[in-house]
Amino acid sequence: METIQRKIFTIDDLREEIEHWRINKNPRKAFFRSLLETPESSIAFLIFFIFILSAITVLPVVELFVFLVIRPILAVFHGIMVIIAAVFLRLSVRLLGHVGSQAVIHRERMLSKIIYSVLPAFLRGFVHVFGTSLKYYLRIDPHDVRSIGKIQEWVDDTVGVEGVWIESDVNRAVRLETWCPYVGAQLPYVKGKADKKLNPEFLAGKTCEGDCSYFCNGFMVNWVNYWIKYYNPDFELEPVKTLIPAGDEFCEFVYKRKRPL
């Protein structure tokens, strides 16, 4: 049987291999110079360098600028807009209620006819002017039906209407308004079981026959719908069938998702 002879690898052999590698290797090239050998590699390296430079310098500066300058400016701006909206509502709600109610009753008359046609556009305009600021101020999540309902809470708190949420999930939320200071004062109502829920002035207030909810159904319910549609058109308000001016004990607002999850 033939024996295989193996050469012993010594330190001299290693030195010879290293010397051979040094003699035959390619000329040394600078790292950055090798990246710029072709136009394509030069462009790629330039883009990469700009990206890295931006990540290291520009982006932190931008984030710091947004945090220290933009956000405070936005907070002040939205805060001022919310204050303006609240003051306007507080000062004008009784006038709007009275004028709007009379416009519905006498909508065939010239002046009332004009007010009746203009008021919905005015309410939509209010939503578009103050909607973004109120969303920022109230931290409204447009994908959460209960969060969208914060706008009605804010309006109620601003004008003095009392209410409570009795139901809330991802598809549906229900709010009851249990007391309204304008029914019986600016707004007519059906005298009956809801008397104790009304403005203390109701005994000397305005009463009517039949359904007195024409103002609330014609304007206020639609106004809530404008808010909902502004924040997320995937939600809507069910037709309101229970209203204090109609003689009921409360106003019931049902928010729902058009296509339940």
Taking Lys and Arg as +1 and Asp and Glu as -1, residues besides Val170 with C-beta under 10 Å from its C-beta add up to +1
Placing each pseudo-label 7 Å from Cα in the direction of the beta carbon, Met110 and Val66 end up separated by a distance in nanometres of 5.6
Tell me, what is a quarter of the convex hull surface for the C-alpha atoms of the stretch 145-190, in nm² with one decimal? 3.7
Placing each pseudo-label 7 Å from Cα in the direction of the beta carbon, Glu162 and Ile47 end up separated by a distance in nanometres of 6.6
Given bins 10 angstrom wide, list per bin the percent of all Cα-Cα distances in the stretch 207-261, short to long. 24, 46, 24, 6, 0
I'd like to compare 139-147, 69-77: which one has the highest average count of other Cβ atoms within 10 Å, and what's the full order after that? 139-147, 69-77
What net charge is computed for the residues neighbouring Ile105, neighbours being all others with C-beta under 12 Å from the C-beta of Ile105, Lys and Arg scored +1, Asp and Glu -1? +3
Taking alpha-carbon centroids only, the stretch 127-155 lies from the stretch 164-184 a number of Å equal to 16
Take each of the peptides 213-222, 118-127, average the number of other beta-carbon atoms within 10 Å over its residues, and list them starting from the highest. 213-222, 118-127
To the nearest µm²/s, what D does Stokes-Einstein give for the stretch 78-257 at 4 °C and 1.567 mPa s, using the Kirkwood radius over alpha carbon pairs as Rh? 77
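No lab work stands behind these numbers, since they all come straight from the coordinates. Nothing here was measured: the structure is a model prediction, and the numbers come from that model. FYI the Cβ positions are ideal-geometry reconstructions off the backbone, even for glycines, and counts take in every protein chain you see.
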